[in-house]
Every structure is written in structure tokens, then in C-alpha cells.
1. Return yes or no: is Phe411 on the phi < 0 side of the Ramachandran plot, touching a residue at least 24 places away in the same chain (Cβ under 8 Å) and of a type in the set (Phe, Trp, Tyr)?
2. Report, ordered by the first and then the second residue, all pairs with beta carbons closer than 6 Å, sequence separation of six or more or different chains, a first member in region 28-55 that is polar (S, T, N, Q), and a second member that is crowded, with 18+ Cβ neighbours inside 10 Å.
3. If you go through region 330-349, how many residues are more than 22 Å from Ala453 (Cα to Cα), outside any helix (DSSP H, G or I) and β-branched (Val, Ile, Thr)?
4. Assess whether Ile463 counts as being on the phi < 0 side of the Ramachandran plot, part of a loop (DSSP other than H, G, I, E, B) and surrounded by 10 or more Cβ atoms within 10 Å (Cβ to Cβ).
5. Look at Lys361 and say whether it is of a type in the set (D, E, K, R) and either within 30 Å of Gly222 (Cβ to Cβ) or exposed (fewer than 15 other Cβ atoms within 10 Å of the Cβ) (or both).
6. Here is a list of conditions, (1) buried (at least 18 other Cβ atoms within 10 Å of the Cβ); (2) more than 30 Å from Arg459 (Cβ to Cβ); (3) in contact with a Phe, Trp or Tyr (Cβ under 9 Å, 6 or more places away or on another chain), and Leu286 meets all of them except one; can you say which number that is?
7. Got a number for residues in region 412-421 being touching a helix residue (DSSP H, G or I) at 6+ places or on another chain (Cβ under 6 Å) and surrounded by fewer than 24 Cβ atoms within 10 Å (Cβ to Cβ)?
8. So which residues in region 379-390 are touching a strand residue (DSSP E or B) at 6+ places or on another chain (Cβ under 6 Å) and either within 22 Å of Phe179 (Cα to Cα) or assigned to a loop (DSSP other than H, G, I, E, B) (or both)?
Amino acid sequence: MKVLPLISLVICAWPLLGRAEFKAGFAERDITPDIGMEVPGGYGKAFSKRIHDPCKVRAVVFDDGRQRVALVGLDALMVPRALVLEARHGIAAGCGITSVMIGASHSHSSGPIGMVQPGEFDHASELVKDLAYQKSSCADPRYLATVRQAMIDAVVAADAARTVATAGFGVGVEQTVAFNRRVRMKNGLSFSHPGKGNPDNLDYAGPTDPQVGVIGVWSPDGKLLGCVINFACHATASGPWISANWIHYMEQVIEGYFGKEAGVIFLQGASGDVTQVDNLDPHANLDGDAWSQFVGGRVGAEAVKVLLGMSQTRTNEVPLNANTKELTIARRVPAPERVAAALELAAQDAKTAGPDWVWAKETVLLDALIAKEPKITAEVQAIQIGPVVCVSNPAEYFCAYGQEIKAGSGFPITFPVELANGCVGYVPTEEAFGAQGGGYETRLTSYSNLEIAAGSQFRDVGIALARAMKPSPLPTRPLAPPFKDNSWSYGNVPPQLR
């Protein structure tokens, strides 16, 4: 008889013994480049002259008691695939975490992490090597090493900082800062940035995504430990200086309310055709820094609103999952006659050859890349944090694809994360290559050259990876207690007219 209560106690306690304890940790490291280093983002060389605000690696580690995952946000134009693999190797050696998503913010005012990589064209002719290394935007080997170590250190530090936590999840809406830069023209085509007041402008050629996705992480005493933000807009709002771009001001707004100790991780959404420029607005654009403040301030303010709404919906039931798949995708091959003409033009002096010289240079570089690597390896990754799934691709990915991933993932909240775990350039929709397509993003260059169906492949694999996971339901606010007839007697009166 005395054994039965003990058995009953063990049975009742079993669910508690099996329950995982959710933990999270945040960390960041500085990767601000030196003045005088190259600033990537164009097809030629440009050099930094001053620093406006720091560039960072921002990392968070989530732990559900069974596995750990890391999300890394990089204030950078891109993140080369080789750098991702090296950083992951160092992270695994440093703390044992193997599920790591590394996403670049696409800041056009950041350090020399792209475009041409060290040694990338060593196999080619002297003309091609000159075009690549002397007349193109190039990554700096020293800076790459700095960023690699900073990513490793940030994740290892975030892992060491793990503490018991609760998490909240939500989505806000910010509709005033991001616009599709491709415009339908009267000639039936779609042009990129055709210009304000252009009489041939008709309408936007693609969608935007106004959702501000937010994951908030809180200490047991209710302090915000940090957050993850997902929003789709090119980071091209800053002036001619080193900066995290508008993401800097987003971070300032969030830290301004919750304190500078709060970690802020930014993951860029599907914004290959979305920027802060509204080509159909007749008004003048804001100046560089004012524009960056406007975009980052409003996105940050919306994130704060979402975080404040989590006070009754935080949970420590946050199951994690991760999966990844590599794809082999062919490059588009330029016609032989185009290559021949490009070789002739690219050999001329750039200053006198005219505006087509840069595209000739790019055709020559692409031809050399295809000779070395006609197909590329691209990774699609899905990481689950409770009711949220982050679905990555390595492209400047058209917004329409991001919306399709959201619709098909099966999760209450989906974060499409572009320029993650590698970089393959612009990946437009198949429609953009059709009769009403065109524009800058469809140009065939050494940066953007994947086969037309690449975007659909990324979408389909991303959805399949997400669908293989079991999403958690979104936490909901508790219900009020049952009604009792003890309502506020001051208010239970008819109108008193006299």
C-alpha cells in the first residue's frame, strides 16, 4: 500500500522530468573596416573615406534542451560560400553547434567582403586577371579573416551566454519605406529604377512585403535579452561612408526603448527587387542619412510595437529543428558572339570605351568563370524556432518568391532570409525573363548568372524543408476569468439628465 503513492508521484513527475528547458544567448563583434578599404556594391573599385557607424556580426544561439541552433546577422553586402563553410567549421570546433544560418544584411556601405574573391580568376588570361583584380570590386583577404574570426567568436560567446528564457513571436506591418524598384513601362517591358516623373512609367512590376517579423527573447525577470528582426528592403539608404546602413537606426530605436544590452539580429528578407526608392512618387528623395534614419527608424519602431505586444504570449516551449539541402545549378551561358564582342571592348581603355565597357568586362569575367565552374553549389536551409521558420537562400531574391515561401511553408510565421550561407547574385522570377520582363537584375554578369529556374528551385526546396518540420502554434493571450456579477457599480447607471 505504501508503494502506490510513490509510483503515482513518479508517474505525475515524468512529464516535468522530460520537459526541455529553453535557453538563449546573444553576442556581437565589431567588423568595421579600416578607412581606405574597398567598399563593395558596384562593378568597379570604390574606397571608404570615413566611418559613420560600426559594422557588426550579431549572433543568437537558441537551445531547447535537445539541440542548439545559431542565427548570425552580418553587416555586409554578401557572405561568400567559402567564408560560411570556414566559419561553421570554427564554430563547430569552438562550441559544437553545427546548425548555423549566416545572413548578410546587404549593406552597400560595409567592408570589402566581395565581389571578386581572392584567387578566383588565377586560372584565367592576363586580360581577365587585370579586369578582375585591378578593375573590379575585390574582397580583402585580411578583412575576410577578420570577419571569419568575428563570426566564430560571436557564436561561441552567444553560446556561453545562454540563459533560461522565454520567447515571443509576432509580425508587424510597415508599408511606407520599401518599394518595388521594377516598373512596368509603356513599351511593355519592366525597367529597374526608370526614374521619378518618367512619362513612360505605368505601375510597379512586382510586390513588396511589408511584414516586420519579430522573435523576442526575455529573461525570467522580464528583461528583453534580444530579438531577431526580418524585413525585406535593400540596405542602400546610407550616404558615402562606412555604415551598417538603415539597420543601424533600426537597432538604435530598439535599444533606445529596451536598453543597449538587448541584442538585435537582423535577417534580410526577399528584397532583390525592393529598395527604399519609390519611382512612382513625384517627391524628391531624402538625403542619405535622413533616408537611412527614416527606413531604420520606422522598421525599428514597428518591431518595438510587436515586442510590447508579447507581454502575455511569451513561452518557454520553443522546439527547435534544422535541415539543409545543397543544389547544383547551372550558369546561363552568354552567346559566343557576345563574348567575342565583349573581349574586344573590354581590352580598350575604360575611360574612352563608353558605358558598355563595364558590361563587356562582366561578360568576359563570366566566360572565365564558366570555364572554371559551369555549375555552382547553392544551399537552402530551414531553421525552426517554435512557430517561426527561417528559410534561407543565397540570392538577391525577388520578393514574389519570398511571399510564395510564406504561403507554402505551413508555419504561422515565416522569415525568408536572402543572401544567406553564400551569394549567387540576383535571382529574378521566371516572369522577369519573359516578354514583359527585363531590367538591371536580369543582366548576365559575373555576379548574376544562374539558370532561369533557379528561383523556383530555391522556393520549392525551402518549402519542402519547412513542411518536413512540425510548427508550434503561436502562443495566445490567456482568457479572462468567467464573468461574475460584480461589475463596476459606478458605471451601471442609466443617463442622468438632471
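1. Numbers: on the phi < 0 side of the Ramachandran plot: yes; touching a residue at least 24 places away in the same chain (Cβ under 8 Å): yes; of a type in the set (Phe, Trp, Tyr): yes.
The answer is yes for Phe411.
2. Pairs found: Thr32/Cys55; Ser48/Val39; Ser48/Ile242.
3. Of the residues in that region, 0 qualify.
4. On the way: on the phi < 0 side of the Ramachandran plot: yes; part of a loop (DSSP other than H, G, I, E, B): no; surrounded by 10 or more Cβ atoms within 10 Å (Cβ to Cβ): yes.
When the stated conditions are applied, Ile463 does not pass them.
5. Working: of a type in the set (D, E, K, R): yes; either within 30 Å of Gly222 (Cβ to Cβ) or exposed (fewer than 15 other Cβ atoms within 10 Å of the Cβ) (or both): no.
Against the criterion (of a type in the set (D, E, K, R) and either within 30 Å of Gly222 (Cβ to Cβ) or exposed (fewer than 15 other Cβ atoms within 10 Å of the Cβ) (or both)), Lys361 does not qualify.
6. Just one mismatch for Leu286, condition (1).
7. Of the residues in region 412-421, the ones touching a helix residue (DSSP H, G or I) at 6+ places or on another chain (Cβ under 6 Å) are 414, 416, 421.
Still in the list and also surrounded by fewer than 24 Cβ atoms within 10 Å (Cβ to Cβ): none.
Looking only at that region, the number is 0.
8. Residue satisfying the conditions is Pro387 alone.
The values are calculated or read from the model by the stated rules, or taken from the named source; none is laboratory data. Everything quoted here is computed from the prediction, not taken from an experiment. FYI the Cβ positions are ideal-geometry reconstructions off the backbone, even for glycines, and counts take in every protein chain you see.
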